[in-house]
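The structure appears below as structure tokens.
The values are calculated or read from the model by the stated rules, or taken from the named source; none is laboratory data. Every value quoted in this text rests on a predicted model; they were computed, and no experiment measured them. Virtual Cβ from ideal backbone geometry, glycine too; neighbours counted across all protein chains shown.
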Amino acid sequence: MPASDLDVFPCLMPRSKSSSRWLREHFDDVYVKKAQAEGYRSRAVFKLDELIERDRLLKPGMRIVDLGAAPGGWSQLVRQRLGDNGTVVALDILPMQGLAGVDFIQGDFREPEVLSALEAQLNGQKLDLVLSDMAPNMSGVALADQIRAMDLAELALQFSQDWLKPGGSLLIKLFQGAGFDDYLRSLRASFTRVTMRKPKASRARSRETYALAVGFRPPSGSSGENHA
């Protein structure tokens with residue numbers, strides 16, 4: 001789940017000064033209002049919408065995994081754009097209300113049994129696109145939070161390397177800080193092109209940015225065939 005983009009209708013939160021300010025900003029936010037008006041589950045949908053349009057990410061029949069999917073805005077948009085074609089599998093540690101045409105797995109992506117469940121759902125069929133809006137619960141300790149965020153990013157990259165088709169793409173949320181530059185080098189070693197994006201719907205003060213990696217190159221010696 002995106003840590004900076006809770007559900008359009010947030011649950012009750014502790015009323016500290018910072019949380020009260022967050023609530024005021026949240027309900028005054030143009031993208032929150034737009035999401036409510038258009039029936040989307042979160043304001044984060046407009047980040048993905050911008051990137052889909054700018055980079056032409058979606059094509060009919062694509063197979064897509066959405067990591068950190070709750071409350072479901074990205075899966076909702078992707079399913080709409082694909083129509084009746086293609087496959088969307090969503091995963092999050094938090095529960096997510098069902099979406100027609102989206103297979104949802106609830107669990108912690110860091111746990112081997114959850115990864116196994118996701119891989120079983122894929123049934124050996126490789127992917128065209130991996131989306132990752134995952135972020136850890138922020139503790140307020142900057143270095144610790146950054147380490148946890150980069151750990152999730154590394155897991156998403158490893159999953160993508162295992163499951164993307166040759167030429168496939170990864171769109172992933174990152175936070176600038178320790179490990180960021182090394183991670184970009186890892187992306188560039190596996191993809192033909194890596195571009196950084198900061199969607200208009202990202203909050204100005206947020207450290208988040210998105211890396212779009214296209215043209216996946218399987219490791220030398222890999223056949224790129226579907227898993228058995």
TODO: With the checklist (1) touching a helix residue (DSSP H, G or I) at 6+ places or on another chain (Cβ under 9 Å); (2) at pLDDT 95 or above; (3) more than 23 Å from Gln125 (Cβ to Cβ) in hand, flag the one item Ala35 doesn't pass.
DONE: (2)
TODO: Search the stretch 33-48 for residues that are in a loop (DSSP other than H, G, I, E, B) and pair each with any residue that is at pLDDT 85 or above and β-branched (Val, Ile, Thr) when their beta-carbon atoms are under 7 Å apart and the residues are at least 6 apart or on different chains.
DONE: Arg43/Val32
Open item on the list: Please go through the stretch 66-95 and give me each residue that is part of a loop (DSSP other than H, G, I, E, B), surrounded by fewer than 21 Cβ atoms within 10 Å (Cβ to Cβ) and in contact with a strand residue (DSSP E or B) (Cβ under 9 Å, 6 or more places away or on another chain), ordered by number.
Closed with: Gly86, Ile93, Leu94, Pro95
Task: Flag for Arg63 being surrounded by fewer than 17 Cβ atoms within 10 Å (Cβ to Cβ) and in contact (Cβ under 8 Å) with a residue 24 or more places away in the chain - done: no
Open item on the list: Would you confirm whether or not the stretch 86-93 contains a residue that is acidic (Asp, Glu), more than 18 Å from Leu171 (Cα to Cα) and in contact with a Gly (Cβ under 9 Å, 6 or more places away or on another chain)?
Closed with: no
Task: Filter pass, Val114 being modelled with pLDDT of 95 or more, within 26 Å of Pro218 (Cα to Cα) and part of a helix (DSSP H, G or I) - done: yes
- [ ] Kindly list the number of the only condition in (1) surrounded by fewer than 18 Cβ atoms within 10 Å (Cβ to Cβ); (2) in contact with a Phe, Trp or Tyr (Cβ under 9 Å, 6 or more places away or on another chain) that fails for Ser132.
- [x] (1)
Open item on the list: Please verify whether Ala204 is under 26 Å from Asp49 (Cα atoms), at pLDDT below 95 and in a loop (DSSP other than H, G, I, E, B), treating the condition exactly as stated.
Closed with: yes
